[in-house]
Structures are given as structure tokens and as C-alpha cells.
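Worksheet: the structure to be examined is printed underneath.
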Amino acid sequence: MSTFSRSLIATTAGLALFGLSACGGGTSGGAEETTAAAPTSATSGGGLADFDPCTFFKPDELQSWGLSTQAEEFTQVSFQPGCAWEGEKMDLALQKNADETVQSIQESGSYDKFEPITVGGREAGRMIVSGATDQGGCVTVVNTGGGIVLYQITGYLRDSLADPCAEAEKIADQTASRLPE
């Protein structure tokens, strides 16, 4: 397992557990299959049903952020599929969740820090998952049509990025206009 996988999994373990406790299980009707090559489908989720986190970013965007253009599947729980991209200083993951909203996450209290923000004119939140304070990672949660999208930044080392939340928000700001309404 690469350093990339270990650091991303360690930071998102709290988020995956949060998802399990906050929604009690995920989508009904069985588990979803996710691949980096094909869009995922959800049994519910409005605009998110056809949204594919694995093909969302443009290659030139990924390169400008110092990331590989090769997506790796990153689905910790079936109801929150996504992909991740590796870089020298940081890794980026993008996931979707049709069962949550920014408000439901904020109300759950399952995080170390949550601050409401606006990203691309949308309700959003800056979040440090439970147990991940000062670990070099941050999640920007953005409301979309039928749920949320999570932009997660994880620094290669704790101090690889001066402000991982600012990095996540920068990427979300640059791309949120393309998210489902």
C-alpha cells in the first residue's frame, strides 16, 4: 500500500465512520459499484445520480495543482463513492454522498471542527474530521443537487501544506460551478 493510500485512508476513516453514524447506512437497495472508468449511479440523489467524481476534474486542472491525472478509486463506504489523485505535496479526493447535506453534517457534531462557508455561491463547510486535527488534512463539503460533494486534501506530511483547508477551498472554488445543481 502506497504512502498516498495510507495517508488518505487515515484521514478519511473518521469521515467514513461519520457517514455511517449520521445516516444509519446509506442508500437503500444494495451496494453501489464504482470504477474510475464509468459513472456511478445512485438509487436516489437527483443531480448526483449521473455525477462521476472520477472524471470531474480536467487534466490541466489536476496538473496545475501538482497532482497526477490518473484517478484511483477511493470509496470507503458504498454510499460515498469517489476517486483520489496523488501529488508530491498533497493528495486530493473527491466523493459524492446523496444522503447528506451541509446542514446535516454540521448538526451531527461528528467532527473536530466545522465552519460554514460559501463556495461558488453554494452552501458549504470547512471540516476537520474527528481525530484529524493538526494531521495536515481538510475537507470542503459543498451542497449539490441531491446531496453533497466532498473535496478532501491530505498533505503528504503534517506540515506539507501551510493551510490544507485553503487548498481544498481553492480547488472547490475553481470547480464548483460545474457541480450538479
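The values are calculated or read from the model by the stated rules, or taken from the named source; none is laboratory data. Since the model is a prediction, treat every value here as computed from it, not as a measurement. Every residue, glycine as well, gets a Cβ built from its backbone with ideal geometry; the counts of neighbours run over all protein chains shown. What goes into the accessible areas is simple: the full protein's heavy atoms, side chains included, and nothing from ligands, DNA or RNA. Shrake-Rupley method; radii C 1.70, N 1.55, O 1.52, S 1.80 Å.
Annotations
- Residue within the stretch 99-110 that is in contact with a Gly (Cβ under 8 Å, 6 or more places away or on another chain), modelled with pLDDT of 95 or more, surrounded by fewer than 24 Cβ atoms within 10 Å (Cβ to Cβ) and assigned to a strand (DSSP E or B) present: no
- Considering residues of the stretch 111-133 that are of a type in the set (G, A, S) and surrounded by 21 or more Cβ atoms within 10 Å (Cβ to Cβ) only, the residue farthest from A168 (Cα to Cα): A132
- Residue in the stretch 131-140 that is in a strand (DSSP E or B), polar (S, T, N, Q) and under 24 Å from S68 (Cα atoms) present: yes
- Residue match in the stretch 156-170 (condition: touching a Leu at 6+ places or on another chain (Cβ under 7 Å), over 17 Å from F114 (Cα atoms) and outside any loop (DSSP other than H, G, I, E, B)): no
- The residue that is most open to solvent (accessible area, probe 1.4 Å), among those in the stretch 80-98 that are in contact (Cβ under 8 Å) with a residue 60 or more places away in the chain and of a type in the set (A, V, I, L, M, F, W, C), is A98.
- Restricting attention to the stretch 25-68, the residues that are farther than 17 Å from Q174 by Cα, modelled with pLDDT of 95 or more and open to solvent by 40 Å² or more (accessible area, probe 1.4 Å) add up to 1.
- Evaluation of G147 against the conditions (1) open to solvent by 30 Å² or more (accessible area, probe 1.4 Å); (2) modelled with pLDDT of 95 or more; (3) in contact with a Leu (Cβ under 6 Å, 6 or more places away or on another chain) shows that the sole unmet condition is (1).
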